[in-house]
1. Counting only heavy atoms of the protein chains, get the accessible area per residue of region 136-220 (1.4 Å probe) and round it to a whole Å² value.
2. Using 0.36 nm per residue of separation minus the Cα-Cα distance, give me the extension gain between Ser245 and Thr218 in nm, one decimal.
3. Treating each Cα of region 113-270 as an identical point scatterer and ignoring solvent, apply the Debye formula and state log10 I(q)/I(0) at q = 0.08, 0.09 Å⁻¹.
4. What relative contact order, as a whole-number percentage, does region 100-190 give when Cα pairs under 8 Å and 6 or more residues apart are counted?
5. What are the residues whose amide H is under 5 Å from the amide H of Ser85, where those residues sit 5 or more places off or on another chain and H is modelled from the backbone?
6. What's the extension gain from Arg181 to Ser86 if we count 0.36 nm per residue and subtract their Cα-Cα distance?
7. Hey, can you rank 212-222, 177-187 by average C-beta count inside 10 Å, highest first?
8. Can you give me the distance in nm between label points at Thr151 and Lys191, each placed 7 Å from the Cα along the Cα-to-Cβ direction?
Amino acid sequence: MNTPRRSSPGRKLPMIAVAGLVAVAVPAVGAYAAAGHPGAGSARPAAAAPAAPVTSAPAPKVTPYTPPAAPSGAVAPMPTTITPSSAFAVQVDATGRKPMDGTWPSAQDVFTLAELRQVLPQLSALTPSGCSTGDRPGGGATTKPTTCTLTLTMNGERSDDRSKLVVDIRGFGLPATVGARWTKDLAADVKRSAARPGLYTFYRNGALGASASYTDGTTTKVLLQKGNVAGEIWFSGVGFTRLKSDYLASRNSYRTTIVPALVRLLATKLDPGKATS
């Protein structure tokens, strides 16, 4: 009788090992695919390419304005230096589309009591009146008053005959825009001065700190320019007949002492760098 042959225990081990290898191989393939290797399906989409950086267009270049040369005989006085109480922190839009008149000074604040007393020590009070807004470039009224009358209370003057400073802010903006109007007005005044010699006093360009300035003895016109900002301010002195012992000496003192000092003050007060917005 033949006895059945029993399988040797040693021969079953290879089968268990194979089964174990198969069980391990399945998740290994899945991990490989999840890593996104070629030839295997990825479990998540590939990362999107980084977006291109957003760049803004460069601001237009602002070209300074060069005023015409002052007529022959222009002077460069050295007046009293007035310490300013404040600054004109004016801003402009480089494109020229926005007037930004909210950053302009108010006409009633162009000169302060503390500033004027440095050249008019007899001054005790400053009273603004008749202040009004002006026309804004592009239409509408300016945010702040551009014209104002400043009545001065000075010792030696009657209460019904006070000296006054009439302030007229012609406007601020890009140098080319402000300069075009200055060129036109200057040409007209130079022509008038030829017919009335001795009436006008022209200051050399750059003298007194202003780009250009001149006076007819009553109305003084000042062109200011710093950085990208240009502006034009006029002021007129009414009265000022009691500064000296007689009328002519008083008016000459206003013209040769007060006016140059106020022109230099205006040039000093334009400081766009002090703008806060």
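The values are calculated or read from the model by the stated rules, or taken from the named source; none is laboratory data. Here the structure is a predicted model, which is why all the values come from computation and not from measurement. Here Cβ is always computed from backbone atoms with ideal geometry, including for glycine, and neighbour counts include all displayed protein chains. Just the protein is used for accessible areas: all its heavy atoms, side chains included, with ligands, DNA and RNA removed. Shrake-Rupley method; radii C 1.70, N 1.55, O 1.52, S 1.80 Å.
1. 47
2. 7.8 nm
3. Calculated log10 I(q)/I(0) at the listed q: -0.25, -0.31.
4. Here the relative contact order equals 26 percent.
5. none
6. Computed gain between Arg181 and Ser86 is 31.5 nm.
7. Numbers: 212-222: 22.1, 177-187: 16.3.
So the order, starting with the most tightly packed, is 212-222, 177-187.
8. 3.9
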